[in-house]
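Following: one structure in structure tokens, then a few remarks.
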Amino acid sequence: MSGQSSGGGFLMSVVVHGDSALNEQEKELNQRLRRLYPAVNENETPLPRSWSPKDKFSYIGLSQNNLRVHYKGHGKTPKDAASVRATHPIPAACGVYYFEVKIISKGRDGYMGIGLSAQGVNMNRLPDITFAKAGWDKHSYGYHGDDGHSFCSSGTGQPYGPTFTTGDVIGCCVNLINNTCFYTKNGHSLGIAFTDLPPNLYPTVGLQTPGEVVDANFGQHPFVFDIEDYMREWRTKIQAQIDRFPIGEREGEWQSMIQKMVASYLVHHSYCATAEAFAKSTDQAVHEELASIKNRQKIQKLVLSGRMGEAIETTQQLYPNLLERNPDLLFMLKVRQFIEMVNGTDSEVRCLGGRSPKSQDSYPGSPRPFSSPSHKASSSQPYLTGFDSNCCNGVTSNKSHSSSPHSHKPCPPGSGSTLPASDISLNGSRSQQPITSNDVDMEVDHFTNGVTESSSNGFLNGTSKHTTEPDDCDADMEVESAQSKRQLCGGSQAAIERMIHFGRELQSMSEHLRRECGKNSANKKMLKDAFSLLAYSDPWNSPVGYQLDAIQREPVCSTLNSAILETHNLPKQPPLAQAVGQAAQCLAMMARTGSGSCAFASVDDYLH
Amino acid sequence: IFVQLETKFRREVTATSRHYVDRLFDPDPQKVLQGVIDMKNAVIGNNKQKANLIVLGAVPRLLYLLQQSSSSMELRTECAVVLGSLAMGTENNIKSLVDCHIIPALLQGLLSSDLIFIEACLRCLRTVFISPVTPVQLLYTDPTVIPHLMSLLSNSLRTQEYITQIFSHCCKTPEHQTILFNHGAIQNIAPLLISPSYKVRMQALKCFSVLAYENTQVSMTLVNVLVDGELLTQVFVKMMQRDQPIEMQLTAAKCLTYMCRASAIRTDDSCIVLKTLPCLVRMCSKEHLLEERVEGAETLAYLMEPDVELQRIASTTDHLVAMLADYFKYPSSVSAITDIKRLDHDLKHAHELRQAAFKLYASLGSNDEDIRKKITETENMMDRIVSGLSESSIKVRLAAVRCLHSLSRSVQQLRTSFHDHAVWKPLMKLLQNAPDEVLVMASSTLCNLLLEFSPSKEPILESGVIELLCSLTQSDSPALRVNGIWALMNMAFQADQKVKVEIVRCLGTEQLFRLLSDPDTNVLMKTLGLLRNLLSTRPHIDQIMSSHGKQIMQAVTLILEAEHSIEVKEQTLCILANIADGNTAKDLIMTNDDMLQKIKYYMGHSNVKLQLAATFCVSNLIWNEEDGSQERQDKLREMGFVDILHKLTQSSDPNLSDRAKTALQQYLA
């Protein structure tokens, strides 16, 4: 059990080292926690999973994966009371948090307290925490078994509920929306015990006499109390609050604002025909010349169909100086061009006679109206191209654009822009796994998952789905991989040479850039990832093969589009995407500042 | 001038109304149709216009057109729509429509094959039947109606909604339940619980709640019903989920409550303990509408009435006991000042809230001492009960006295809070003039207040309660007779001679003996108990026996000779033993050889209790240190009692053998 003895034990290590029974329990725990607290970003705010072996008084003993607590002091006076906290405080993004404690034995006197407490200042000395029974100290809240009283940061209790003893299951529910807490006994709610709770409380138990033993359930097992039913009620309440939120006071103001947002979105993505029609029927002016829109549309089409060389050329023709002023952008476009060469789609290699894979046709001639160019088949939600959770304030970081395959996708609130801890190692370990070509589907799925974790954008549930969905693009690719293997640069030797030559140019361009503008880790990674494609005999099925996916053209396309718009003093992001991004950021901020209602208001729920 | 204008205006309105009615008589059917359509548009939301048209006789003509098979389907449908619109008006409108025999006409219309027409008829019928002024019996007059309605259920969402709504409003008696049940209501309505339409689901659910209420047959059937492969109880549980509309949660909880009370679901079933009960407790919380809180509290009281475990769980759930205290705070002082509408609303529900809270307290405290303590310790609880006992609303008075009765089962409360708040005063007042149901509760509570340890006993005695109780023993209601005699029995326990004499005087020996032959065993037992309490302490025994000895001995003989339960006979032998304890009263037994033979018989009875009571009697007769004990001992020895006593010393029952030994010792001295 050494693997997780340190309490905070991250899931990964347990999965690797634990025995199978433990695996099962962990799996169930993870599933339940995800279902109960979908809005929590555990990279930022991990959920309590066990008692902390560090954050306890010496009279407390832990066992059974740090879930069982027993008293090992002499228990003569109330001063011998001792308590233990869970590994982590309760994240506000839970909205409603719940854990249960089963009384295994009431011991000598059954002086047990169950509740919550705040973290002390000094972890080594623990001066302000005497570890008395839960509820006796400052910012400590407890419900005591011997008298059924509730204790709120003081030694004198209030009559609260029934007493509890051996065999009883006591639950503690924290409502982070209205900052209250209630307890349950054997599945029955006992009513509000505390109000005006402070943030960042830890699940806590306190014991006081020998023989007292309690087991915690942080989600390892089904709860006795139907907490999900309670959460349903609050989800309904929050959603009703949102639905009833008063909109603009003045007649028609709201409607015209919505229309403007839609129109600007259409223009931004160069859906010129639709934008024109929409503007006409809603009586609006379009703030960009039609020709300009058409130009952008043309470039976008080229990027989305993988013809990067032509795209760069056209851009330079239509918008001279644009790329010169943006060396990083140009570099990104060139890297993409390199990838498209590997793919055999770029015009420079295509004209060299290589057989082009079908995937070049994956984008229809014109962008589909009302659905973003985002080629996401797994759901019907129109993901907004160009949206990035980092840039709602107008500050775009190119990093996330270039290295994240899904930076345009609205992130789950709270999971925002954090980098996972294991950034590099995963690639390596994954590549050692055997790949068989008749297993393409599964393996692709697998790798996409793994790779996603190594890229800069946290959790992505969409990606894996994307590859297995019978999307027109993917379907084609699958068919092909089953019949004949895709070939590097379309199979033409000349094209390969051209590609290698181009690679060298790219390398020197990168060096030049570094000299001129200083180190850029994003650029470096981008180039490294692109070159990695050549390390595999079948780049499409390699751990870095995701880069060849047509969907990866989208962030490039939207970055270029934004840059063009910027030169015309037009917003580089459509207001609609900004609004969505801002909403997601607000939710993430709510999670950080302790507003629990963010748990029940996912932006995705409103993007039908 | 204003009056003139007003009159003129009214005349004009009447004139246009008349015009609408006249057009119904046009020879051209097309013009009639247009007339009906215009009328439809004119009456929508216009109660005055509706009343005018009714007064001008539009209804019979519309009904005529509706029933005429020569009328076009369109015309008939429009007629039904207009009638439905008229029904939406005031209660007077409904009365007029019913008086014009609209119901049979519309029911007849349901036989049509045109769905739109049927729906219009059903909508109108629905509106008529959900009005409190419509006699529900009209739905059942023609026996073919119910089966036909059942068959229409499958036609459309609208027919489903209207028909289930009619059923749920017209199912008021066990007979109605049986009729609907026999025509397949359960099988026909169950699938509607998962209808895509919320209205249909809700009305279907309501149907089940009225069908299952106090109906074992329906309830037993319901537990086995499957809806789309799922047990009905589970469907109800899902409807109680906390994200469902409150109305649905509450009605589903009612269904499960009724099924549970009809013994179709055990009280310890998780769907009751973990779902229904918590749901009903939630309904009592402040965040819900007053109506919902009333219904929630009443249903909860009904659910847990017979089960102490449910009472215990409820008493600790969500601070229910404290939560109920809020029921007494309407109309709140805030509502009175700020908002007249709110005040009106609060006033309307204030009585209902209070009576529901009393009912729930009564149910909560009916078995568990700790819960009773918790209730009486709730803020101003006793004051609220006291004022509740004298409220004008009979419902509140009844509920208040029920609550008091429940709490009066607590010895501690009788000794403390009951006395402190002089609850006996309003209780006595209540007993003076009240309907039987209130009297039963009040007198039952009085019984407890008259227990010897109750400090209220004295003041009650002084308030002339004896006469009142004696009159209760003459009631036709067995429950009132029991309570009357029971209270007298409690009162006579260890009472002064004066009180006992007063009881006997007031009750009269005639009434006493009538009660000894009461068909209700309970009454008989309590009367014997009264006799036994009267006949205690030697001077009292002799005094009463000297004046009523003959009749009492007669009554004792009669009871011992008749077919009665062991308990009755035991009680009677105890009375005899008490008589045997008197100084002069002894002779009444000693001179009655027949009675002595009876005592001998019961000493040899197979039931130990009777043997013990009879032995007591003998023991008292032969007790030393009393005048004439020697003679009595001799007589009984002659009669063979000593032999029996010897035998009884060998009894396996320690009490009996001890008692026999003590008796024999009298001979040794």
- Which ³J(HN,Hα) values, rounded to whole Hz and listed in residue order, are derived for the range B:403-414 from phi using the Karplus coefficients 6.51, -1.76 and 1.60 in 6.51 cos²θ - 1.76 cosθ + 1.60 with θ = phi - 60°, glycine and proline given as x? 5, 4, 4, 4, 6, 6, 6, 9, 4, 5, 5, 4
- Task: Give the distance, in whole Å, between the Cα centre of the range B:544-565 and the Cα centre of the range B:384-452.
- Result: 35 Å
- Note on the structure: Simple spin-label estimate for A:Q316/B:E437, 7 Å along Cα→Cβ, in nm, reads 9.6 nm
- Could you work out Rg/(2.2 N^0.38 Å) for the range B:51-95, with Rg from alpha carbons only? 1.15
- Where only C-alpha atoms are counted, convex hull volume of the range B:60-205 per residue in Å³: 100 Å³
- Based on the Cβ-Cβ distance from B:I194 to B:Q68, what FRET efficiency comes out when R0 is 35 Å, to the nearest 0.05? 0.30
- How big is the range B:535-669 by Rg and Dmax over its Cα atoms, in Å? 13.8, 41
- Query: Plugging the Kirkwood radius over Cα pairs into Stokes-Einstein for the range B:281-323, at a temperature of 20 °C and a viscosity of 1.002 mPa s, what D comes out in µm²/s?
  - Reply: 205 µm²/s
- Item | MRE, 222 nm, helices only [DSSP H, n ≥ 4, -39500 (n - 2.57), over chain B, to nearest 500] | -22000 deg cm²/dmol
- Task: Evaluate peptide A:185-193: per residue, the Cβ atoms of other protein chains within 10 Å of its Cβ; return the mean as an integer.
- Result: 5
- Item | Nearby lysines by direct alpha-carbon distance to B:K500 (threshold 29 angstrom, same-chain neighbours under 8 apart not counted) | B:K425, B:K429, B:K457, B:K526, B:K550, B:K569, B:K586, B:K598, B:K609
- Degrees between helix B:629-638 axis and first principal axis of chain B (Cα, 0 to 90, nearest 10): 80 degrees
- Query: In square nanometres, what is the average projected area of the Cα convex hull of chain B?
  - Reply: 40.3 nm²
- Item | For the range B:475-580: rounded, prolate or oblate by the Cα gyration tensor [a/c cutoff 1.5] | oblate
- Under-5 Å amide H pairs with A:A193, H placed in peptide plane, nonlocal only: A:C181, A:F182, A:Y183
- Wrap a convex hull around the Cα atoms of the range A:20-241, take a quarter of its surface area, and give that in square nanometres. 11.7 nm²
- Item | Pairs beyond 24 Å (Cα-Cα), from A:K27/A:K525; A:K301/A:K572; A:K185/B:K374 | A:K27/A:K525
- Query: What Kirkwood hydrodynamic radius, in Å, does the range A:193-319 give when the mean of 1/r is taken over all pairs of distinct Cα atoms and then inverted?
  - Reply: 21.5 Å
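Taken together, the values in this text are just the output of simple stated rules run on the coordinates, not laboratory data. This one's a predicted model, so the numbers in the text were calculated from it and none came from an experiment. Cβ coordinates were reconstructed from backbone atoms using ideal geometry, including for glycine residues, and neighbour counts include every protein chain displayed.
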